[in-house]
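A short write-up of the structure that comes next.
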Protein chains: 2
Amino acid sequence: MPTLSVFTDVPLAHKLEGSLLKAYRQDGHRNKTFLAYKVCMTNEGHPWVSLVVHKTRLQISGDPSLDYEYLPTVGMKSFIEASLELLFGKHSEAIKENRVGGVHTVGDSGAFQLGVQFLRTWCKHANVAYVISSQKEPHGLVFQDLGFKVYEYSIWDPEKLFMDPNVFLNVVEQIPRGCVLVIGNIMDCKFSHHQWEKCMALLKSKQIFPFFDIPCQGLHTGDLEEDTRILQYFVARGFEFFCSQSLSKNFGIYDEGVGTLVVVALNNQHLLRVLSQLKRFARALWLNPPTTGARIITSVLCNPALLGEWKQSLKAVAENIMLTKERVKEKLRLLGVPGSWDHITEHNGTHGYLGLNAQQVEFLVKKKHIYLPRNGRINFTCINASNIDYITQSISEAVFLTKNPKN
Amino acid sequence: MPTLSVFTDVPLAHKLEGSLLKAYRQDGHRNKTFLAYKVCMTNEGHPWVSLVVHKTRLQISGDPSLDYEYLPTVGMKSFIEASLELLFGKHSEAIKENRVGGVHTVGDSGAFQLGVQFLRTWCKHANVAYVISSQKEPHGLVFQDLGFKVYEYSIWDPEKLFMDPNVFLNVVEQIPRGCVLVIGNIMDCKFSHHQWEKCMALLKSKQIFPFFDIPCQGLHTGDLEEDTRILQYFVARGFEFFCSQSLSKNFGIYDEGVGTLVVVALNNQHLLRVLSQLKRFARALWLNPPTTGARIITSVLCNPALLGEWKQSLKAVAENIMLTKERVKEKLRLLGVPGSWDHITEHNGTHGYLGLNAQQVEFLVKKKHIYLPRNGRINFTCINASNIDYITQSISEAVFLTKNPKN
């Protein structure tokens, strides 16, 4: 008897990502290069792993005293405490006042999923989310799926080649009262004191709820404190907020999403109520978060010697990134490529804009087998001694060719 | 300036679980016993871990050739393939026909979350879920949170002390067309051939969508194939269904939720469409599932020697459970406790009903410091050489005291 499928009306989902990587993989050209990896790469072209992770992993797996029991739904307590201390500092007043807490999540996607589920249920008026960052953030989709109206803005000005504080200020001015503001990577945005003051006052008066994303603390400037300075402003000003904190990328534990949804409340009573509701959502999402990554990270964060080694490894990565950026700029200068390439070294972090237009990017992808996103934002750790000449030479050709349409 | 908290209206969430364990932990009595652990315990009172897991974990952590990169959103391909083969057998026709697939999830909670999100979006008419099992299942809550109306039934008859097939049949008769039927542990339900036939025909004609829960294959009877026999019936009859498959409990990897949401479709085309949509949901839930547990399990399942060791360890656990049940029954008989205690040995698995009434259970908890749920369903692996005498003696007292109200 032929049966009608219950799945008859289910369409094939639209592919969300990965087509650039797929094209790169299928490309047989010997000079092919992929500049869009999400994670920090080594000079040898492998995902970077902090050395301290390798030895901690080995030590943990050989420890006969460990058990492998379920974690509580909120997660590993020592991991959450160590994560919060990392984010807000050892002497944070807010931590001392017991108004900062967190739920251990499955990476930053898990943290956003959990936080947005909470907001949808308990902050019903906040059904609009504004997302502002220096890049396209993936978390807008989570808000959208859960019924929020989402508006996204980038602070990168592709004409003037800089991060424009006015974009941020304009967004803050126009957003409606009581909505959610997702604040991604805006560290390279140089606010004046006056601009900050204005921004904070507006957010406060309009009761905007900030939701920060800290995906790789320490990998931006190489300095853990510097990378979370913006959070300290908001804590000091008495804001309540959520923050997604991921520790996968800055330790190099990519195969375990290790995150925390951080909650800052006005007092302990509010904090406990929020955490109790978050626990309810986490229970339905994954019941118990995975342990391995959190265990490695906690071992490192709670051991001063290992912590020192980890900090050194972050600093080395940040220095290496800056060195690569300097080299790229210098090579473009020596090739006589017109224009200032200062924007490359003016911004920190693994990723940055090359400042190329769509036509130039297309030339690099189609003719030079160099794969990068259409907006020209690349991962500078994908550039190393063995491909830098080919890449800079190709950028040079792209710029010259598109300058003179006859060629 | 005092600020109004955005969390002012958030109430403290109602505690969902853990009060029995909490009471046990706070109890200072030297004979206190907890009989409600979810997982299989060793004779020494620790969560059981298959020995093969320890050595595989060590071997993996010392393997320099492994990378720790992100898994794809659908998860580890080799893990999914090995899991499906475990569930449906090496020579499954459905696997050969490419109409069986899966998404690697964060444990069984993750599998249900993912599956129910899909059903809510793509099977909109199916807004009612019936849950049937031998116990109270946690997954009803997930359906409820996502807007389903949920009805729950247990096949355990506390009067006649057996698993009643008629409860299942009655549910199947009364459920409305096109709804979801969650089928938990009903393995101890002895259907006649005729009853199965009737049940299948009804489910098919009413286009009921089954959602199975296989939380610990192999730990019920000690035989991997026997424990999934019910699935084979449904596959053979051409049903489409979902199945949450968890491999945390039967390997003893409790700290990593290792699961798969298994999809059985009528053909490959439908399967691919469903998987593509599930991937979309998984992307928003956790983006990449954690690797450690899946890597250990895949290493065991794909290595015939390790697989053999693991199967042996499951068999040993099942035999040990049956031995404990025999001993409990024998001791109760020797103590002259009235009634037949055959129901204890007539059912397989770690958990089973003692067949005590609420008053008897209360006596055990309050007077004897033996902690068990109100329905008297205990984990028999919590009983061992050092507590069996105290437990059976206490059960005896409970039965005698409640038989004669004057005492």
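Bear in mind that the values in this text are calculations on the coordinates, not laboratory data. Here the structure is a predicted model, which means the values were calculated and not measured. Because the Cβ atoms are built from the backbone with ideal geometry, glycine has one as well, and the counts that use them run over all protein chains shown.
Quick rundown of the values:
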{"read-out": "Using alpha-carbon coordinates, inclination of helix A:358-368 to the longest axis of chain A, degrees", "value": "70"}
{"read-out": "Point-charge dipole on Cβ atoms (K/R +1, D/E -1) for the protein assembly as shown, about Cα centre, debye to 20", "value": "980"}
{"read-out": "Region B:259-304: C-alpha gyration tensor shape, a/c 1.5 cut-off, then a/b vs b/c", "value": "oblate"}
{"read-out": "Global form of region A:315-407, assessed from the alpha-carbon gyration tensor, a/c cut-off 1.5", "value": "prolate"}
{"read-out": "For region A:86-162, the spread of Cα positions along each principal axis, largest first, Å", "value": "45, 33, 25"}
{"read-out": "Solution diffusion estimate, µm²/s, Stokes-Einstein, region A:70-302, Kirkwood Rh from C-alpha pairs, 4 °C, viscosity 1.567 mPa s", "value": "73"}
{"read-out": "Rounded to 5, the percent of DSSP beta bridges in region B:70-302 classed as antiparallel", "value": "45"}
{"read-out": "Calculated [θ] (222 nm, deg cm²/dmol) that DSSP helices of n ≥ 4 give over chain B, each run adding -39,500 (n - 2.57)", "value": "-13500 deg cm²/dmol"}
{"read-out": "Per principal axis, descending, Cα span of region A:40-118 in whole Å", "value": "43, 35, 31"}
{"read-out": "Global form of region B:205-301, assessed from the alpha-carbon gyration tensor, a/c cut-off 1.5", "value": "oblate"}
{"read-out": "Value of D in µm² per second that Stokes-Einstein yields for region B:10-156, Kirkwood Rh from Cα pairs, at 10 °C (1.306 mPa s)", "value": "79"}
{"read-out": "Percent of Cα pairs exceeding the 26 Å cut-off, where the set is chain B", "value": "58"}
{"read-out": "Degrees, to the nearest 10: A:107-122 long Cα axis against longest axis of chain A", "value": "50"}
{"read-out": "Distant-in-sequence amide H partners of A:Arg377 (H built 1.01 Å from N, under 5 Å)", "value": "A:Leu354"}
{"read-out": "B:Leu323 paired with B:Leu51, simple spin-label distance in nm, labels 7 Å along Cα-to-beta-carbon", "value": "1.4"}
{"read-out": "Mean separation of Cα contacts under 8 Å, 6 or more apart, over the residue count of chain B: relative contact order %", "value": "24"}
{"read-out": "Calculated FRET value between B:Gln195 and B:Leu141, using beta carbons and R₀ = 35 Å, to 0.05", "value": "0.70"}
{"read-out": "Centroid-to-centroid separation of region B:177-228 and region B:70-138 [C-alpha atoms, Å]", "value": "15"}
{"read-out": "Furthest towards positive pole of dipole, B:Pro138, B:Ala385, B:Phe118, structure part chain B, Cβ charges", "value": "B:Pro138"}
{"read-out": "For residues of B:287-297, the mean tally of beta carbons on other chains within 10 Å", "value": "6"}
{"read-out": "Leading residue at positive end of dipole, chain A (Cβ point charges), from A:Asn127, A:Gln232, A:Ser61", "value": "A:Asn127"}
{"read-out": "Distance between modelled label sites at A:Arg30 and A:Thr8, nm, 7 Å Cα→Cβ extension", "value": "5.7"}
{"read-out": "Angle between chain A longest axis and helix A:193-205 axis [Cα atoms, degrees, rounded to 10]", "value": "40"}
{"read-out": "Antiparallel DSSP beta bridges within chain B, as percent of all bridges there, nearest 5", "value": "50"}
{"read-out": "Within-12-Å neighbourhood charge of B:Ile253 [Cβ basis; K, R +1; D, E -1]", "value": "-1"}
{"read-out": "Residues of region A:179-195 with amide N under 19 Å of the 7 Å Cα→Cβ point at A:Arg229", "value": "A:183-195"}
{"read-out": "Top of B:Ala13, B:Ala23, B:Ala305 by mean-square fluctuation, Gaussian network on chain B, Cα under 10 Å", "value": "B:Ala13"}
{"read-out": "Relative compactness, region A:224-353, computed as alpha-carbon Rg over 2.2 N^0.38 Å", "value": "1.43"}
{"read-out": "Phi-based couplings in Hz for region B:170-185 (Karplus 6.51, -1.76, 1.60; Gly and Pro marked x)", "value": "4, 4, 4, 5, 8, 5, x, 3, x, 8, 9, 10, 7, 10, x, 6"}
{"read-out": "Cβ-defined net charge surrounding A:Leu354, 12 Å radius [Lys, Arg +1; Asp, Glu -1]", "value": "+4"}
{"read-out": "Radius 12 Å from Cβ of B:Ala82, net charge of other residues (Lys, Arg +1; Asp, Glu -1)", "value": "+1"}
{"read-out": "Rg over Rh, two decimals, the protein assembly as shown (C-alpha only, Kirkwood Rh)", "value": "1.00"}
{"read-out": "Entries in B:Lys15/B:Lys279; A:Lys160/A:Lys329; B:Lys38/B:Lys311; A:Lys124/B:Lys149 that, when Cα-Cα distance is taken, lie over 26 Å", "value": "B:Lys15/B:Lys279"}
